[in-house]
Amino acid sequence: MIQNIFSSLAAAIFRGMESGDDKAVWLMQALLHSVPVGKLVVLDLYAEVKPVWATSEQFYGVPYIWLVLGCQWKASSRILSFMILCLKWHFGRTELTSRTKTEMLLWHSQMLILIRFLLHLCCHYRETIATLITKVQGELFINKQAIPTHPHLWYSTSEVIRALQLFIASGDQLSESNTFSYDLVDLTRQALAKYANQLFVKVVEAYQLGDLHAVTHRSQKFLSLVEDLDTLLACHDGFLLGPWLESAKQLAQNDEQKKQFEWNARTQITMWFDNTEEEASLLRDYGNKYWSGLLRDYYGPRAAIYFKFLIQSLERSDGFRLRQWRREWVKLTNEWQNGSNIFPTKSAGDALNVSRRLYKKYLEEPDSHDF
């Protein structure tokens, strides 16, 4: 019954497409047999981890594209991201057969050539890049047992902080470079995001111990960090919410479309719209971004709601009110999605000065911080 409904729906959708363009081809992420052969291209998304073609007789003869989710690995530098993505794709997701080990040796030599070329090309970054590449080589080539299974945990936080120190030290000579400023903001953001993870864990630990003072203090510190991160991201055009929303609205041909397109843009980066009043969408934060405006206007208030319920739970000596918290979280999200407030489309602030200030505030002596 359900299969017939989906088949009828797919057929109707394709007839609508064909009525507007008799050469229409449907590009999608699933297989529906009701679409004429040759008129459908299937995207086997995340195929490097969970391939569907292998269990569907190669999609039963329907043309398909094997895809890698390259966005799973976010490097701190656009230069480094290319090298690290290649390394991760080739080794991090490959079974180490005898043939693969031989290929690894060949790839190792090729990557060393590429690394030397990039180091020569980016002479101003040479010490910073060398620090991170040494770490990558050590994990991927020397100690094969250290090949990570979780991409976002593959690097050492201390190495990132060391790289940030080198970036800041080179700032006076390179601050006029737009590329340097981008990488400086991105690297500072990444280091502070990991610090935020530690701080959040400390909030939860204090709650579990029933320490109201510590929960209140650490929550305030976390929210202050969110504000500081937003200020940092505002220093470069590449980390602004404004251009994303404005570019969506510019596609509209009338006010109704403008409102709809902005809602779509806001929804895509927050919570996809299959929630109820008390149940958040399973695809919440699927398209999350570290953008100035989004942190201060959405993530900060959302975190504040969570901390409020933690504090109230300790003050009242009762359990965490899960349903009420979810209700406020979903309400905040839906209201933000329906908002129309304007965000800057141009950066403001000095990236080097802000990075230096935040490094001293949060990262210079992390062990001495009073969590």
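Read-outs throughout are calculated quantities, based only on the coordinates presented, and are distinct from any laboratory measurement. Nothing here was measured: the structure is a model prediction, and the numbers come from that model. A quick note on method: Cβ atoms are made from the backbone with ideal geometry, for glycine too, and the neighbour counts reach across all protein chains shown.
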| query | Between LEU209 and LEU322, what FRET efficiency comes out of the Förster formula 1/(1 + (r/R0)^6) with R0 = 25 Å and r the beta carbon distance, rounded to 0.05? | reply | 0.80
| said: Could you order the peptides 161-169, 316-324 from most to least packed, using the average number of other C-beta atoms within 10 Å per residue? | reply: 161-169, 316-324
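Using 0.36 nm per residue of separation minus the Cα-Cα distance, give me the extension gain between ASN334 and ILE13 in nm, one decimal. Numbers along the way, then the final one.
Numbers: separation 321, 0.36 × 321 = 115.56 nm, distance 2.85 nm.
Extending this stretch completely gives an extra 112.7 nm.
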| Label point distance in nm, SER158-TRP263, each placed 7 Å from Cα along Cα→Cβ | 5.2
